[in-house]
Amino acid sequence: MLAGGFRYETHPQRIVFGAGKIETLPTEVAGLGAKRALIISTPGQQGTAEDLARRLGRSAAGICAEARMHTPVEVTDRAMAVLTKSHADCLVAFGGGTAIGLSKALALRTGLPQIVIPTTYAGSEMTPILGQTENGVKTTIRSAQILPRLIIYDVDLTLALPSSVTATSGMNAMAHAIEGLYARDRNPVTSLMALDAIRSLGEALPTLHRNGSDRNARLQAQYAAWLAGHVLGTVGMALHHKLCHTLGGSFDLPHAETHTVILPHVAAFNAAGDPAALAAAAAALRGEHAGQALYDLAVEIGTATSLKTLGMQEADLDRAAELAVQKPYWNPRPFDRTKIREILGQAFEGMRPA
Ligand code: NAD
């Protein structure tokens, strides 16, 4: 990698990491030069959003707890009305990728600065990317205006994260790190981050499966999510993310669960395209074969391992393969429709990669 040279463009963000750091929220809002923050969450997190509003006192402009998965444009339209009425001059998103998606969509329309308090491991807070849906079609936008200015990673807010979300959003972070490791535009720093994310998730997720309130494992998973999110926001992803985008966007499969099922199969396939990267990933997972190690990890932490269990119909696999090859994109190993159909077939059945 060094001999070929590299280009590394970082984003202007401030990261505040540690137990109890939520206490800095009022200072951070003021530090942005803002006076009134609209708090964004999903309906399930409304109670904690209200706690945040109390913490902000007069700096709280209101709460919008209407975020929905895949950021439907009609939800953003309704949230825009709440935002306008609130006269907020900054956004505070609390929750996972769903809450952050709504905050990003509002920032895109208004240019307001965002503070994000992530409570899952999906990593959206670290990227200038917004995926949104309109009339059932998912589109992706990349813009500096979408990038959150400040992230507060407070482990205390993740202790109640349900076991299933912990496992699958952790595997979503793993997917960013695995694809970052073989990205065409990777650099020595993103590779270090990706490897440490893989190693940390490989250690933390099984511990959290046994005991979700293990603080050290929660800290380790959150640290890994930050690293993996940074990698996702910095380098280009490949076949795995493309397949998951197709399956989520066109077949309405759940985001993090789909990543968990597909990742072992794409990692196994790509091992012949970038043997060094996948060998490093396997070693970080203390395995010999990255695809098998990822599959075994998914089994160990109790997630679904087949598309069948996620509700995919076998009759749709041909169309999914067709859609996935419609637009060309880079991957460390060339592929065609037949190969994609084969990978999808294995993922459909939930077979352990060979
Ligand atoms: P999510 O935000 O939908 O959260 C999953 C569930 O966990 C929700 O029901 C939520 O209410 C609940 N939850 C979250 N935090 C909790 C907590 N502390 N305690 C209890 N429950 C909690 O899931 P996700 O996997 O974080 O995000 C998925 C979404 O994010 C998708 O729409 C995906 O497209 C998007 N995403 C975007 C990017 C990007 O860079 N743009 C990256 C990753 C994911």
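The values are calculated or read from the model by the stated rules, or taken from the named source; none is laboratory data. The structure displayed is predicted, hence computed values, not measured ones. Here Cβ is always computed from backbone atoms with ideal geometry, including for glycine, and neighbour counts include all displayed protein chains.
General remarks:
- Tabulated pairs, the range 297-314, first at positive phi, second surrounded by 13 or more Cβ atoms within 10 Å (Cβ to Cβ), C-beta under 7 angstrom, 6+ apart or interchain: G302/A167; G302/H209; G311/L253
- Screening A99, A30 for residues that are aliphatic (A, V, I, L, M), buried (at least 24 other Cβ atoms within 10 Å of the Cβ) and in a helix (DSSP H, G or I) leaves exactly one candidate, A99.
- Picking from residues in the range 98-124 that are within 23 Å of G33 (Cβ to Cβ), touching a strand residue (DSSP E or B) at 6+ places or on another chain (Cβ under 7 Å) and of a type in the set (S, T, N, Q), the one that is farthest from the ligand (Cβ to nearest atom) is Q114.
- For A81, the stated conditions do not hold, so it cannot be described as more than 10 Å from the ligand (Cβ to nearest atom), of a type in the set (A, V, I, L, M) and in a loop (DSSP other than H, G, I, E, B).
- In the range 192-234, residue surrounded by the fewest Cβ atoms within 10 Å (Cβ to Cβ) [restricted to those that are within 13 Å of the ligand (Cβ to nearest atom) and not in a helix (DSSP H, G or I)]: S213
- Within the range 263-276, the set of residues being in contact (Cβ under 8 Å) with a residue 60 or more places away in the chain, surrounded by fewer than 24 Cβ atoms within 10 Å (Cβ to Cβ) and either in a helix (DSSP H, G or I) or touching a Gly at 6+ places or on another chain (Cβ under 9 Å) (or both) comprises A268, F269.
- In the set T127, T168, only one residue is in the same structural domain as N211 (by TED's automatic domain parsing) and near the ligand (Cβ under 8 Å from one of its atoms); that residue is T168.
- Residues within the range 17-70 that are within 16 Å of the ligand (Cβ to nearest atom) and touching a Cys at 6+ places or on another chain (Cβ under 6 Å), tallied: 1
- Reported count of residues in the range 140-157, each being surrounded by fewer than 14 Cβ atoms within 10 Å (Cβ to Cβ) and among the hydroxyl-bearing types (S, T, Y), is 2.
- Residue pairs whose Cβ atoms lie under 6 Å apart, sitting 6 or more positions apart in sequence or on different chains, and linking a residue in the range 216-244 that is assigned by TED's automatic domain parsing to the domain that holds R337 to a partner that is at pLDDT below 95 and away from the ligand (no atom under 13 Å from the Cβ), are K242/Y329; L243/A324.
- For E66, the conditions (1) outside any helix (DSSP H, G or I); (2) within 17 Å of L157 (Cβ to Cβ); (3) of a type in the set (D, E, K, R) are fulfilled apart from (2).
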